[in-house]
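So the structure is just underneath, and the comments pick up after that.
The values are calculated or read from the model by the stated rules, or taken from the named source; none is laboratory data. It should be emphasised that the depicted structure is a prediction, and the values quoted were computed from it without experimental measurement. Here the Cβ positions follow ideal geometry from the backbone for every residue, glycine too, while neighbour counts run over all protein chains shown.
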Amino acid sequence: MSATPLRLGVNIDHVATVRNARGGAYPDPIRAAKLAEEAGADGITAHLREDRRHITDADIDGLMATLTVPLNFEMAATDEMQAIALRHKPHAVCIVPEKREERTTEGGLDVARDENRLAHFIAPLREAGCRVSIFIAADRNQIETAHRIGAEVIELHTGAYCDHHAEGNFAARDAELAALKEMSAFAHSLGLEVHAGHGLTYETVQPVARFPEVRELNIGHFLIGEAIFRGLEPAVQEMRRLMDHARQGATE
Ligand code: PXP
């Protein structure tokens, strides 16, 4: 397979975390989103949590009004969030777990356990023209279920892979990476578009960026942290460079 372009979605949630630490308006996540766009982000991701711990409803209003790149709106599968998504009709909606009982042990949404409800839940979002993505573990059953309920996209959870890397547990990391690779190919063979994300850093991004079936990476916490040291635009530019380099099959 020849290398298809790999999109970078920058998650700006943790700009809002810093802002909310003081309860004011600074730093503004929308300003961060615009800078990320200028630095080469292909999309912006924001998670409106039920408890509004970082991104707020006003942030989503502002992003929808301001962005020129697509918004990937992350949300739990609740009636409240569905109504907000249907009002804004963002380019993409990514359904994520927020409560412990909605998660698999690997951290993705347990779509297999909640198949019927989720099938009904995503139907109106699809009819409204949103690309519906489901954030799941690299698990065949979860992928098959996501496909069956009508999702167009799955986002594979890279958190365990990144955690094992950070802990120096390289055998477990490599096993997780192998599962991500195999399940990317499997999901692609079903006709699903494959995204990946959670916990990715400069050290962990390249092996995932090399999977030819993966079309988008969503990266937040590390980039916002790195922005403290080198600024947001250089932080995003470096991630973009590493992704592009890996995509061309080269290694550093
Ligand atoms: N993808 C999804 C579905 C997520 O929920 C998150 C975290 O909000 C990310 C990607 C980004 O993860 P991180 O902030 O660890 O890069």
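From E106, E102, which residue is surrounded by fewer than 19 Cβ atoms within 10 Å (Cβ to Cβ) and under 23 Å from R52 (Cβ atoms)?
So the residue among E106, E102 that is surrounded by fewer than 19 Cβ atoms within 10 Å (Cβ to Cβ) and under 23 Å from R52 (Cβ atoms) is E102.
Residue check: is R210 within 16 Å of A41 (Cβ to Cβ) and among the basic types (K, R)?
Judged against the criteria, R210 is not a match.
Could you tell me whether V236 is part of a strand (DSSP E or B) and of a type outside the set (D, E, K, R)?
no
So, of the residues in the range 101-134 that are farther than 10 Å from A151 by Cα and small (G, A, S), which turns out to be nearest to the chain's Cα centre (by Cα)?
Restricting to residues being farther than 10 Å from A151 by Cα and small (G, A, S), the top hit is G108.
Failed condition for F73, given (1) among the aromatic types (F, W, Y); (2) crowded, with 19+ Cβ neighbours inside 10 Å; (3) more than 14 Å from the chain's Cα centre (by Cα), with all others met?
With (1) among the aromatic types (F, W, Y); (2) crowded, with 19+ Cβ neighbours inside 10 Å; (3) more than 14 Å from the chain's Cα centre (by Cα) applied to F73, the lone miss is (3).
When the residues of the range 70-97 are filtered to those that are within 16 Å of the ligand (Cβ to nearest atom) and either assigned to a helix (DSSP H, G or I) or touching an Asp or Glu at 6+ places or on another chain (Cβ under 6 Å) (or both), which remaining residue is nearest to G129 (Cα to Cα)?
In this case the residue turns out to be A85.
Can you tell me which condition I12 does not meet? The list is (1) away from the ligand (no atom under 13 Å from the Cβ); (2) at pLDDT 95 or above; (3) not acidic (D, E), and all the others hold.
Of the numbered conditions (1) away from the ligand (no atom under 13 Å from the Cβ); (2) at pLDDT 95 or above; (3) not acidic (D, E), the odd one out for I12 is (1).
Checking D114 against (1) loosely packed, with under 14 Cβ neighbours inside 10 Å; (2) out of contact with any strand residue (DSSP E or B) (no Cβ under 9 Å at 6 or more places or on another chain); (3) touching a residue at least 24 places away in the same chain (Cβ under 8 Å), which single condition isn't satisfied?
Result: D114 fails condition (1) only.
Being modelled with pLDDT under 95 and at negative phi is true for just one of R100, R49. Which residue is that?
The unique qualifying residue is R100.
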